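Participant: The structure follows.
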Amino acid sequence: MKFIKHRYWLLVLLSLLPSVVQAGSPPQITLNTPFNGDTVAGLTTVSGYAGDDIGLEAIEIRAGSGPWISIAFTESQTEPGSNSGASPTRVNSWWSYNWSTYAFSGSQSTTLEARVTDAEGQTSETSITLTTDNPKVPVMENASIVVIGDCISAGDNTGTNWPAGLQTLL
């Protein structure tokens, strides 16, 4: 009878441990900064954490529908290779990237995604929605740029300099 009671409680305890990572589980990734809903401008630090039970291969981010950008691992925890003489396996890593938001002119909403790939080729993604708030870049139709010595001047085909104050010294 004691054996049955202990077996029952063992099964109960095992069922309460869903957070234990099983071998072969997909990797995990978080976006720590910026926060979902933040307004960002200029150069913004994007950071997070990635982990896996087998090993990490790649961390990438992308903004909007842009291309995926590979991110370098910054602080990693490694475990010895499984075979004698094998190189260590990166199992978790903090990561960060200085993201230039200037491609997003004016104030607009965009999605920032982060993706991790593990040594088995499994991927996981997470995303947040941000508002970028950069100065609007004026569009000049029929524009020309003239460089004379150390001066740069921009104008349109009407002969007037546009926008005012654009002429600068190098």
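Participant: If residue 93 passes every condition in (1) at pLDDT below 85; (2) closer than 22 Å to residue 28 by Cβ but one, which one does it miss?
Facilitator: Against the list (1) at pLDDT below 85; (2) closer than 22 Å to residue 28 by Cβ, residue 93 comes up short only on (1).
Participant: Filter region 115-127 for residues that are of a type outside the set (S, T, N, Q), assigned to a strand (DSSP E or B) and either open to solvent by 30 Å² or more (accessible area, probe 1.4 Å) or farther than 18 Å from residue 27 by Cβ (or both) and give the result. So that I can check it myself, show each step before the final result.
Facilitator: Step one: of region 115-127, the residues of a type outside the set (S, T, N, Q) are 115-116, 118-121, 125.
This time we only want the ones that are assigned to a strand (DSSP E or B), so: 115-116, 118, 125.
Those that are of a type outside the set (S, T, N, Q), assigned to a strand (DSSP E or B) and either open to solvent by 30 Å² or more (accessible area, probe 1.4 Å) or farther than 18 Å from residue 27 by Cβ (or both): 115, 125.
Participant: List, please: which pairs have Cβ atoms under 6 Å, are six or more places apart or on different chains, and start with a residue in region 99-114 that is closer than 26 Å to residue 28 by Cα and at pLDDT below 90 and end with one that is open to solvent by 50 Å² or more (accessible area, probe 1.4 Å) and assigned to a helix (DSSP H, G or I)?
Facilitator: No pair meets every condition.
Participant: Can you tell me which residues in region 29-41 are in contact with a strand residue (DSSP E or B) (Cβ under 6 Å, 6 or more places away or on another chain) and either modelled with pLDDT under 95 or over 13 Å from residue 118 (Cβ atoms) (or both)? Reasoning before the result, please.
Facilitator: Start the filter on region 29-41 by keeping residues that are in contact with a strand residue (DSSP E or B) (Cβ under 6 Å, 6 or more places away or on another chain), which leaves 29-34, 36, 38-41.
Scanning region 29-41 gives 30, 31, 32, 33, 34, 36, 38, 39, 40, 41.
Participant: Sticking with this structure for a sec: Being surrounded by 12 or more Cβ atoms within 10 Å (Cβ to Cβ), at pLDDT below 60 and at negative phi is true for just one of 66, 81, 51. Which residue is that?
Facilitator: Working: 66 fails: at pLDDT below 60; 51 fails: at pLDDT below 60.
Step by step, each of 66, 81, 51 is checked, and only 81 is surrounded by 12 or more Cβ atoms within 10 Å (Cβ to Cβ), at pLDDT below 60 and at negative phi.
Participant: Between a first residue in region 30-59 that is under 16 Å from residue 128 (Cα atoms) and in contact (Cβ under 8 Å) with a residue 24 or more places away in the chain and a second residue that is open to solvent by 50 Å² or more (accessible area, probe 1.4 Å) and of a type in the set (D, E, K, R), which pairs have beta carbons less than 6 Å apart while being 6 or more apart in sequence or on different chains?
Facilitator: Hits for this filter: 39/133; 41/133.
The values are calculated or read from the model by the stated rules, or taken from the named source; none is laboratory data. A quick note: this is a predicted structure, and the numbers were derived from the prediction, not measured. For neighbour counting, all protein chains shown are included, and Cβ atoms are generated from backbone atoms with ideal geometry for every residue, glycine included. In case anyone asks, the SASA skips ligands and DNA or RNA and just uses the protein heavy atoms, side chains included. Shrake-Rupley method; radii C 1.70, N 1.55, O 1.52, S 1.80 Å.
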